[in-house]
Amino acid sequence: MYFLIDFVDIIFDVMYWLVIVRVILSWVRHDPHNPIFRFIYEITEIVLAPVRKFLPMRGMAIDFSPIIAILLLQLLKSVVIDLLSRMLY
C-alpha cells in the first residue's frame, strides 16, 4: 500500500521539477525541435495550459503561470496523499 502513496508522491515531484526545468529553458536559447525539450514542453503544458486560462495575461511581460502551477501542484499533492493515507490506513 505504501507503493501507491510513493508513486503519487514521485509523479507530483517529477511534474514540479519539469515545470522548473521548463522555466529555466525559457531563459536560455535552445532548439525547439529537440526531442527532450518537446517532451518537457508537452508534459508541462498539461499543467500550465489550465492555469493560463484563468490567469489574466494582458499587458504582462512575465508569465506567472509556472509559479501558480507549482503552488497548485504542491497543494494538490498534499491533498491527494492525505486522502490516500486516510483511505489506506
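The values are calculated or read from the model by the stated rules, or taken from the named source; none is laboratory data. Keep in mind that this is a model prediction, so the values were computed, not measured. Don't worry about glycine lacking a Cβ; one is built from the backbone with ideal geometry, like all the others, and counts go over all protein chains shown.
Can you tell me how many residues within segment 30-89 are small (Gly, Ala, Ser) and closer than 17 Å to Asp6 by Cβ?
Of the residues in segment 30-89, 2 are small (Gly, Ala, Ser) and closer than 17 Å to Asp6 by Cβ.
Would you check if there is a residue in segment 77-88 being modelled with pLDDT of 95 or more and within 13 Å of the chain's Cα centre (by Cα)? Yes, segment 77-88 contains at least one residue that is modelled with pLDDT of 95 or more and within 13 Å of the chain's Cα centre (by Cα). Scanning segment 17-39 for residues that are aromatic (Phe, Trp, Tyr) and farther than 17 Å from Ala61 by Cα returns Trp17, Phe37, Phe39.
In the set Ile68, Ile43, Ile10, only one residue is loosely packed, with under 13 Cβ neighbours inside 10 Å and either hydrophobic (A, V, I, L, M, F, W, C) or touching a helix residue (DSSP H, G or I) at 6+ places or on another chain (Cβ under 9 Å) (or both); that residue is Ile10. Residues that are free of Cβ contacts under 8 Å to residues at least 24 places away in the same chain and of a type in the set (Val, Ile, Thr) were ranked within segment 29-60; the one that is farthest from Leu71 (Cα to Cα) is Ile36. Scanning segment 1-23 finds no residues that are outside any helix (DSSP H, G or I) and farther than 29 Å from Met87 by Cα. Screening Arg22 with (1) farther than 17 Å from Leu76 by Cβ; (2) at pLDDT below 95; (3) of a type outside the set (Phe, Trp, Tyr) gives one miss only, at (2). Look at (1) charged (D, E, K, R); (2) exposed (fewer than 15 other Cβ atoms within 10 Å of the Cβ); (3) more than 10 Å from the chain's Cα centre (by Cα) and you find that Arg52 fails only one, number (2). For segment 27-56: of the residues being under 18 Å from Leu72 (Cα atoms) and in a loop (DSSP other than H, G, I, E, B), which is modelled with the lowest pLDDT? The extreme case among them is Pro56.
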